[in-house]
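Beneath this line is the structure, given in structure tokens, with notes to follow.
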Amino acid sequence: MDFFKPMDNLNESSDKKSVSNTQEHVKCLILGSGPAGYTAAIYAARANLAPVLYEGLQPGGQLTTTTEVENFPGYPQGVTGPVMMEDLKSQSTRFGADIRFGYATKVDFSATPYKVLIDDEKWISADAIIIATGATANYLGLPSEEKYKGFGVSACATCDGFFYRKKVVAVVGGGDTACEEASYLAGLCSKVYLIVRKNYLRASKAMQHRVANTSNIEILFEHVTKEVTGDQVVTGATLVNSKGEEVKINIDGFFVAIGHTPNSDIFKPYINTDDTGYIQTVPGTTKTNLPGVFACGDVQDKNYRQAITAAGTGCMAALDTERYLAESHR
């Protein structure tokens, strides 16, 4: 789910909600509440930056839709995504972070102090802003897919592949991400179906070669998914081939690998992004093209997209913010 909600021009018609003149100024404003946002809040609060964090429409981010998390350090027995996010939130409030429910609908970064409109109602100005709005996994849009999210349907093989050891799974997609996911799962699972809509792979030649030479990956070209099937959990999928024929496969897991959409749209008039919308940061830092605006987590990370790497960049963003504020004497 997107952190922010696109906002129409508030002056277009009188029946739209009018923006309040209410304004508030804060030292450090954090947008986003996943591992990156909460970690930034922990570090910023301990540095006496009095951070204010808005959680967005999905407090806790993508991890709140994950059942078991077994690869985050510090949880030897594993932990559910929602519990881990509550732990991070509690840790940030312990040090004085001001956690609020609300989402960013518009920004004005044309001059300092930068301003963010919250819930179409209230402007917040800030000396420094940390963007941790994350990215949204792209899904096929099937009702059955939605039904089994967290119960056999996943958008992250690295996160959930461990639960399907020696089982049969399917991966949907034909690009590098799908081939990487299929290759990763092939090392864990007994069989991997790679479901490709076209009659060719869009992945790089190297990735195509790797998939083609992995014995337990079966590529199903010119197939689309009609339905994910199961009882309490996923047990199969119904596909349709190029001839219009239904093909049923028995699987234990269904992985969607058709990309992510970074939640960066409202920042694009001011912040540099790449062709797919990921915020660009100075290598080795969380600095954007605007002084005092920093980006961390999945909104600027197209490669790893893990909770631990998001948390790491959240730490970096808070430290970068602390140094910026100290150097600018704010």
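Find the relative contact order for segment 139-256 and round it to a whole percent, using C-alpha pairs within less than 8 Å whose residues are 6+ positions apart. Working shown, then result.
On the way: 250 pairs, mean separation 36.3, N = 118.
For segment 139-256, the relative contact order is 31 percent.
Using only the Cα atoms of segment 68-133, build the gyration tensor, take square roots of its eigenvalues as a ≥ b ≥ c, and label the shape rounded, prolate or oblate: rounded if a/c is under 1.5, else prolate if a/b is larger than b/c, else oblate.
prolate
Dipole of the chain (Lys/Arg Cβ +1, Asp/Glu Cβ -1, origin at the Cα centre): which of Pro143, Ser328, Ser215 lies farthest to the positive side?
Ser215
What whole-number distance in Å separates the alpha-carbon centres of segment 237-286 and segment 291-330?
Comparing the Cα centres of segment 237-286 and segment 291-330, I get a distance of 23 Å.
What translational diffusion coefficient, to the nearest whole µm²/s, does segment 114-193 have by Stokes-Einstein, given a Kirkwood radius computed over alpha-carbon pairs, a temperature of 10 °C and 1.306 mPa s viscosity?
Translational D for this selection: 102 µm²/s.
Please report, in whole Å, how far the alpha carbons of segment 139-256 spread along each principal axis, starting with the longest.
On the principal axes, segment 139-256 reaches 38, 35, 21 Å in Cα extent.
Determine the dipole magnitude for the chain: charges of +1 sit on the beta-carbon of Lys and Arg, -1 on that of Asp and Glu, nothing else is charged, the reference point is the Cα centre, and the result goes in debye to the nearest 20.
Its charge dipole is roughly 500 debye.
List the relative contact order of the chain as a percent without decimals, with contacts defined as Cα pairs under 8 Å and 6+ residues apart.
The normalised contact order for the chain reaches 20 percent.
Specify the residue with the greatest mean-square fluctuation among Met207, Met85, Met316, computed from a Gaussian network of the chain linking alpha-carbon atoms under 10 Å apart.
Among Met207, Met85, Met316, the largest GNM mean-square fluctuation belongs to Met207.
Packing-wise, with mean Cβ within 10 Å as the measure, how do 231-237, 44-50 rank, highest first?
Ranking the peptides 231-237, 44-50 by packing returns 44-50, 231-237.
Using unit Cβ charges (K, R positive; D, E negative) and no other charged atoms, how large, in debye to the nearest 20, is the dipole of segment 139-256 about its Cα centre? Please list the in-between numbers first.
Values: 14 positive and 13 negative charges, 53 e Å.
For segment 139-256, the charge dipole is close to 260 debye.
Specify whether the C-alpha gyration tensor of segment 25-89 places it in the rounded, prolate or oblate class, a ≥ b ≥ c being the square roots of the eigenvalues: rounded for a/c under 1.5, otherwise prolate if a/b is larger than b/c and oblate if not. All intermediate terms of the calculation are to be shown ahead of the outcome.
Numbers: a/c = 3.79, a/b = 1.77, b/c = 2.15.
Oblate, because a/c is 1.5 or more while a/b does not exceed b/c.
Give me the one-decimal Kirkwood hydrodynamic radius in Å for the chain, with the sum taken over alpha-carbon pairs.
About 21.0 Å for the chain.
Below 8 Å, C-alpha to C-alpha, sequence gap of six or more: please give me the relative contact order for segment 83-165 in percent.
This gives 14 percent for segment 83-165.
Do any cysteines in the chain lack another Cys Cβ under 4.7 Å, and if so which?
By the Cβ distance rule, which asks for a partner under 4.7 Å, the isolated cysteines are Cys28, Cys179, Cys189, Cys296, Cys315.
Go through 305-312, 35-42, 263-270 and give me the packing order, highest mean Cβ count within 10 Å leading.
35-42, 305-312, 263-270
Bear in mind that the values in this text are calculations on the coordinates, not laboratory data. Please read all numbers here as calculations on a predicted model, not as lab measurements. Don't worry about glycine lacking a Cβ; one is built from the backbone with ideal geometry, like all the others, and counts go over all protein chains shown.
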